[in-house]
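Here the structure is laid out as structure tokens; the discussion comes afterwards.
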Amino acid sequence: MGPADWTTSKTYCTPTYIEMQRANCLLELGDPRTAVAMFEAELRALPPVYRNDQGVYLSRLARAYAVSGEPEQAAAAADRALSIAIDTESARAMAELSAADKALRRWHTVSEVAVFTGRLKLMSGTAPSRPATG
């Protein structure tokens, strides 16, 4: 790693980035409620210039809410993340949204979840095709 690489790596490795990674680890380790609180706090601190990262972290927040048993909050975060992912064309955010979608499947009858799922399918090109008429 040369000096230029060190400078580049330091610019994204901020305290907010580290806390987001901690929140993700807590989610993976089975503490979604603490992860939710951390994601929420750090998203408020995330500078607007990190819009792509905002989509990724909102997606992870959505999954944390879903795992915590809060489908409406999960769908709201996922829907915001989806709008950002579409705007930024972020494959990483879309991958995280796929994980959130899987975590939300048990609540497919909750209206907010159904709306998000429909938007995600439409935007990812996996919407069911309609039968031909005529």
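Going through GLU89, GLU96 one at a time, which residue ends up being under 18 Å from VAL67 (Cα atoms) and of a type outside the set (Phe, Trp, Tyr)?
After ruling out the rest, the residue left standing is GLU96.
Out of the residues in segment 18-59 that are under 22 Å from PRO71 (Cβ atoms) and β-branched (Val, Ile, Thr), state the one that is most open to solvent (accessible area, probe 1.4 Å).
Only one residue tops the list, namely THR34.
Listed here are the residues, each with its yes/no results for (1) in contact with an Asp or Glu (Cβ under 9 Å, 6 or more places away or on another chain); (2) of a type in the set (Val, Ile, Thr); (3) at pLDDT 95 or above.
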| site | (1), (2), (3) |
| --- | --- |
| VAL49 | no, yes, no |
| TYR57 | yes, no, yes |
| ALA74 | yes, no, yes |
| ALA100 | no, no, yes |
| PHE116 | yes, no, yes |
| LEU122 | no, no, no |
| THR126 | no, yes, no |
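Listed residues LEU46, LEU58, LEU27; which is of a type in the set (A, V, I, L, M, F, W, C), within 22 Å of GLY125 (Cα to Cα) and within 15 Å of the chain's Cα centre (by Cα)?
Within the list LEU46, LEU58, LEU27, the selection yields LEU58.
Of everything in segment 60-118, what is more than 22 Å from ALA41 (Cβ to Cβ), among the acidic types (Asp, Glu) and surrounded by 18 or more Cβ atoms within 10 Å (Cβ to Cβ)? Give them in sequence order.
Of everything in segment 60-118, just one residue is more than 22 Å from ALA41 (Cβ to Cβ), among the acidic types (Asp, Glu) and surrounded by 18 or more Cβ atoms within 10 Å (Cβ to Cβ), namely ASP101.
The values are calculated or read from the model by the stated rules, or taken from the named source; none is laboratory data. From a predicted model like this one, the values you see are computed outputs, not experimental measurements. Glycine gets a Cβ as well: all are built from the backbone with ideal geometry, and neighbour counts include every protein chain shown. Please note that ligands, DNA and RNA were not included when accessible areas were found on the heavy atoms of the full protein model with its side chains. Shrake-Rupley method; radii C 1.70, N 1.55, O 1.52, S 1.80 Å.
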